[in-house]
Every structure is written in structure tokens, then in C-alpha cells.
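Contents: one structure, followed by commentary.
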Protein chains: 2
Amino acid sequence: MRIIITGGAGFIGQKLAAAIARAGTLPGPDGGEAVRELVLFDQVEATPPPEARVAIHTVAGDIADTAALDALFAGGADVVYHLASVVSAAAESDFELGMGVNFDGTRAVLEASRKAGGGATRFIFTSSVAVFGGDLPPVVEDHTAPMPQNSYGIQKAMAELLVSDYSRRGFVDGRALRLPTIAVRPGRPNKAASTFASSIIREPLQGEEAVLPVPEELAMFVLSPRQAIQALVHAAGIPAADFGGSRSVMLPGIRVTVGEMISALRRVGGDAAVARIRREPDPTIEAIVGGWPADFDTAKAERLGFQRDEGIDAIVEAFIEDDSLPAARAAFVQH
Amino acid sequence: MRIIITGGAGFIGQKLAAAIARAGTLPGPDGGEAVRELVLFDQVEATPPPEARVAIHTVAGDIADTAALDALFAGGADVVYHLASVVSAAAESDFELGMGVNFDGTRAVLEASRKAGGGATRFIFTSSVAVFGGDLPPVVEDHTAPMPQNSYGIQKAMAELLVSDYSRRGFVDGRALRLPTIAVRPGRPNKAASTFASSIIREPLQGEEAVLPVPEELAMFVLSPRQAIQALVHAAGIPAADFGGSRSVMLPGIRVTVGEMISALRRVGGDAAVARIRREPDPTIEAIVGGWPADFDTAKAERLGFQRDEGIDAIVEAFIEDDSLPAARAAFVQH
């Protein structure tokens, strides 16, 4: 089985590649399937995962470059993880960039998958909670209309529709996973509007200052990187027919306020860690993230076997185990 | 005020042009505004409306041709009615054609409107009941997610999202009207999957045979051409802020079964007219049209002042008054 991951140099791409390379298999509708080759595509050369039990190739290229995509797919594609994306705040500040990558890029990768797989290619796409916004019911359900209030969400929502249509027509076998806000992410703050949700845990645990641009009352719908990777792997094995009339599914997260995140930080890192959070209100960030709902009924995801984290403490612990620097692990041991 | 109508040679475009040319004004947020020039754009040269009180220009061109659009918009555009579209069955049988016209074409006209109007251009787009499908609640509401089960609906739903984003960003002032099935249409059967809904009234009243590809129990959500034109005119005058978080609105139709349409035909044309309906079941047509819901709560449209037809008899009478051949009018007088 040949697997292509776009955005393979990104944080989710790297974690997913490591998980697949370590396992050497990926779930299929009829059980585990052996992976022959894993190709990581990104703008920059991706780091190959360690301890790989499968052949790894890294390809640097532009997702808008048809020739590059043709070359990438020339070896076939049994499963495509299309993760490449411009993040929310960047898509908001540069409309053309967001449309080019998040919509046109997805369309191009769908077309390449269609040509390469004759309809059999499983196309797994990461959409986002950001497809929801505006006037919403108290609880967002699987039948609630996406009305994104930012260009990132619009582009993801349009791409989702295309994934469903390509699947219905038999061009690909698509699955579009709407990710909750992913936290705690490793690394550094990025241009995602929600980047603070990781920063306020990650930086203080590593002895650094974090910026909090939103009030403590703000609630988010959160999923850990560990569960996100499990969801992406799980998605490959779900029978197509189980998706029903839409290939989109909102993944189950947990509802957590910023205040609850800070309390979890205190339980692990103490008051000293919490003191490293600097409040710096940013109405633009608050408007974007505050427009994403936090209360969901994710019945479809549960029916399809996706799982949520146990709670915010479990999310913080998963970060410490999987991603934190030694300073954070030491702090964890102390408390 | 300069108004551009794409699809200006089509049936709705022609009726809309006639209505605007006759009135010489169009509603604005601050009352009626005088129309200086009305431009009808289509693949073929449009027929200019009779009795025009405004300057009329007709332009033949391809909506995918950037240079043609640039020329079209060079004179400015206060209001754009973007009606140009590939109909449902044609978009289903030729995916690339549908994407090219219904999505890429709309995107190109949005871009042209953005450049021409500096954000002030009112962009009025005809979407469709076909955006709904799949597993739906018993009554479709304004917050119900579009999950189109045909490529036409997918393309319309994607274009709607783009209209909302262009509006939120201040690129245009958009309004996307989801049309119910429009019946009774004048003219001949076309490639729309729902064409029978007009045929089974129109052809028998004109002494011709009509083909009915679906069972009498099938229910549809229907709007007369007369009310559709009124809605398009009305849409120009709604204050932008009244639309809320989405520029899309499902227009109020009436729920009517094919059997009820046939009864209305009998009341006007007698058993002789009904006998001209030939049953010829077509599972493809039934699958497409049967997938469109017929039960709606159109609260948003009602709040915005859109109106429905009084009933199926009123719809049939409007057809006879507005569009029928002498033979139909004679039949109407007899009964």
C-alpha cells in the first residue's frame, strides 16, 4: 500500500507519519493492510520518521503545481492524507493565499487522487471546527449548517462539499474529518488564531512566557494531538457506506474553558507556571475563536468509532508524555 | 444604476429583464433607484425586453473568459444578477462542465464584481433547493446543513459559501437565493431533472403530450416564475445587515405533490388535458428530484419579506396569464 501525506512536514503530518511508519500497517475495511511506501509531501523537505518499518520518501513541492502533483501520484496512491493547509489567521489576512492552498490545493489533490486511483483511493481530509459560526443552535449537531465566519472555515467547508461529491461520483473514497481545536501542540506559536490554547500550557511548562489574547470564560472544543492521530488512522478503516449522505464528520472533542486549561496547568506546573501567562487581549483573535462553537453532539463520529480525550488533565498529560521538553517533564514529576 | 444579468437569455433572465426594463427602477435599501443601463450577458445574444424604459445592451460571451468579463464590467456594476448556470441533469452528466460554469463561473463573476464595485456591488445569486439532500430532518430549517446529493447542488452550495465570504470581507454585497423548483416554466422541456413539473401542466394545456418520469406521490417545493421574479427584485432592496451570518436564504415555496399538480391541471384543462400525460418512470430523475426535500420552515425568508404563491391553482393561473399559448388560454376559459 502506498500512502501520500500532504503537509507531511507539519506537526500533524509528522506525528501521523511516525505512527504509520512504526506500525507498518494501516486499517482497511477488511482489517490491517501492510504499508509498502509512505511519501511525505510538503513545501519544505519533511523529516523522515525514526524507526520506520516501511519505505519513506520525502518530496518538496508546491501543491498548486500540477506537474509536481502528477509526479507525486505517478507511483499510485492507495491512501491520501491531505493535511496541507494555510492556517486560519493567515487565510484571513491573505484571502488569495487561503483560496489557493485550502480550496484550489484540495481540488488539485482530489483530481490527482481521482486519476491515480480510479476511484479506490481513500482520501482523508482534515477540515475544522472553524466551518461553524454565526447564529448557531445551543448544541451543534451533525445536521447543523456550516456558516463559517472566517475565510479559512469557508475554504474548508467548500472543500468538504467537493470531497463528498467526488466520493458520491466514485472519483475517490473520501473522508473529511472536522478537527476540534488541537491542543496541546508541540513546537512554537503559529499563525492559527487558536495557537494560544497550546501556548498557555506548553510555554509555562517549559519555563517560558505565554500570551493569552482571550478571556478565561471563552470555551473551546478541544482534541489532543494523540487522539487526532488515532482518528486519522481510524478513518482509513471505516467502510465507505457507513458515512451516509455526507463524507464529513465532526470529531468528538471535549468542551473546556480557558480557565479550566489554566487550572489544569496549575495542577501540573503550580502557581509558578500559571504566572508565566501574560494577558494581552486581542479582539481579532477573540472574534475568530469566540465564533467557533464549543458545544457539540457528535453522534455520527461516535457511531463511526471515533474517540474523545478523557478530560483536560489527560490532554495535558499526553502532551507531557509525547512532546514536552525535559523541563516540563521535571515539573510534572514535582507536582 | 447599471445592472448586469448573467444568463440574460435564459427564461428567468428574460423575465427579470422585462420586469426591470418596464419599471425603470429597482429597490434599494433607501427606496427605488433609477436604472440607467441594463446589460444582458449570455452565451448567445439575448432578446432585448420590449417596452424598455432604460438603455438595454446585450453581450454574448463565455463566463469562463476573463477578458469577456473584464469588458462586461468595465462600465461598472451596481447590481449583478448572476443567473448563468448549467442545469442539474447536465451538471450530473458532465462534471467538468458543471464545475466550470456553476462554480468557477460564479467565482469569476464574483471577482469581476469585486473589482468593479469596490465592495458596493449588490451580487444577487440564484442557488437552489438542490443544495439539500441525504438524511434530512422532517422539516428543513434555515440552520439545516446543505448535503447535496448531486453535483449541481454541490456547486451551488460551494458558490453560496463564497458569496457569504465575499460579503463578510466587504468584496461585494451578496444575496444568495435558494430557489424552490420553478413551475410552471414557459417554453420547452430542458435538461433540468425537474423539468417534468412544468411539462405536465404546460404541454397538456397546449394540446401536447407530456412525459411524467416520477410517481404521483412525489412532493416538491414549488415557486411560480412570477413570484421568483418578484423575489429577485425584492432581494436588491434588503439591507445587508438583515441577512445575519449567512447571505443565503431559502425562498418560501409551497409543498405540492405531482398528484396535486395533475388535479390542478384537471380543474383547468379537464380530463382531456390529463390524458396527455404519459407515464414513463425514470429512476435517475426520481433519485435526483426525490432527494430534494419538500417540507421547509422558511422563517428567514419571511423575516426578509419574501413571499410564496397562494397555492397550486394560483401557480397554474399565473402561467396561463403570463406565458401560455392561446390554446391554453382558450382551455382555461372553457373550464
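Scan region A:160-173 for residues that are within 23 Å of residue A:292 (Cβ to Cβ) and either free of Cβ contacts under 8 Å to residues at least 24 places away in the same chain or not in a helix (DSSP H, G or I) (or both) and report the count.
Total satisfying the criteria: 1.
Are any residues in region B:174-219 within 22 Å of residue A:145 (Cα to Cα) and either open to solvent by 30 Å² or more (accessible area, probe 1.4 Å) or assigned to a loop (DSSP other than H, G, I, E, B) (or both), and if so, which ones? Talk me through it step by step, then tell me what you get.
At the first step, the residues of region B:174-219 found to be within 22 Å of residue A:145 (Cα to Cα) are B:174-181.
Within region B:174-219, just B:180 meets the criteria.
Under the condition of being open to solvent by less than 10 Å² (accessible area, probe 1.4 Å), out of contact with any Pro (no Cβ under 9 Å at 6 or more places or on another chain) and among the polar types (S, T, N, Q), which residue from region A:145-166 is nearest to the other protein chains (Cβ to nearest Cβ)?
Among those that are open to solvent by less than 10 Å² (accessible area, probe 1.4 Å), out of contact with any Pro (no Cβ under 9 Å at 6 or more places or on another chain) and among the polar types (S, T, N, Q), it is A:151.
State all residues of region B:303-316 that are outside any loop (DSSP other than H, G, I, E, B) and buried (at least 20 other Cβ atoms within 10 Å of the Cβ); if no residue qualifies, say none.
First pass over region B:303-316, keeping only residues outside any loop (DSSP other than H, G, I, E, B): B:303, B:312-316.
If the condition is that a residue be outside any loop (DSSP other than H, G, I, E, B) and buried (at least 20 other Cβ atoms within 10 Å of the Cβ), then B:312, B:315, B:316 are the ones that fit.
I'm trying to understand the selection: among the residues of region B:116-129, which are closer than 19 Å to residue B:229 by Cα and aliphatic (A, V, I, L, M)? Outline the logic, then answer.
Step one: of region B:116-129, the residues closer than 19 Å to residue B:229 by Cα are B:122-129.
Correct list: B:124, B:129.
Considering (1) within 17 Å of the chain's Cα centre (by Cα); (2) open to solvent by 10 Å² or more (accessible area, probe 1.4 Å), say which one residue A:117 fails and leave the rest.
Here residue A:117 clears every test but (1).
Can you name the residue in region B:167-176 that is among the charged types (D, E, K, R) and in contact with a strand residue (DSSP E or B) (Cβ under 7 Å, 6 or more places away or on another chain) and is also farthest from the other protein chains (Cβ to nearest Cβ) among such residues?
Kept after step one, since they are among the charged types (D, E, K, R), are these residues of region B:167-176: B:168-169, B:173, B:175.
Adding the requirement that they be in contact with a strand residue (DSSP E or B) (Cβ under 7 Å, 6 or more places away or on another chain) leaves B:173, B:175.
Values: B:173: 17, B:175: 15 Å.
Ranking the qualifying residues of region B:167-176, first place goes to B:173.
Identify, from the list B:270, B:237, B:290, B:253, the residue that is surrounded by fewer than 16 Cβ atoms within 10 Å (Cβ to Cβ) and not hydroxyl-bearing (Ser, Thr, Tyr).
Details: B:237 fails: surrounded by fewer than 16 Cβ atoms within 10 Å (Cβ to Cβ); B:290 fails: surrounded by fewer than 16 Cβ atoms within 10 Å (Cβ to Cβ); B:253 fails: surrounded by fewer than 16 Cβ atoms within 10 Å (Cβ to Cβ).
It is B:270.
All but one of (1) more than 12 Å from chain A (Cβ to nearest Cβ); (2) touching a helix residue (DSSP H, G or I) at 6+ places or on another chain (Cβ under 9 Å); (3) closer than 17 Å to residue B:172 by Cα hold for residue B:107, so report the exception by its number.
(1)
Among the residues of region A:120-141, write down those that are facing chain B (nearest Cβ under 8 Å) and surrounded by fewer than 20 Cβ atoms within 10 Å (Cβ to Cβ). Walk me through how you get there before you give the answer.
Of the residues in region A:120-141, the ones facing chain B (nearest Cβ under 8 Å) are A:133-137.
A:134, A:135, A:136, A:137, listed by residue number.
The values are calculated or read from the model by the stated rules, or taken from the named source; none is laboratory data. Nothing here was measured: the structure is a model prediction, and the numbers come from that model. Ideal geometry is used to build each Cβ from the backbone, glycine not excepted, and the neighbour counts take in all protein chains shown. Ligands, DNA and RNA are excluded from the accessible area calculation, which covers all protein heavy atoms including side chains. Shrake-Rupley method; radii C 1.70, N 1.55, O 1.52, S 1.80 Å.
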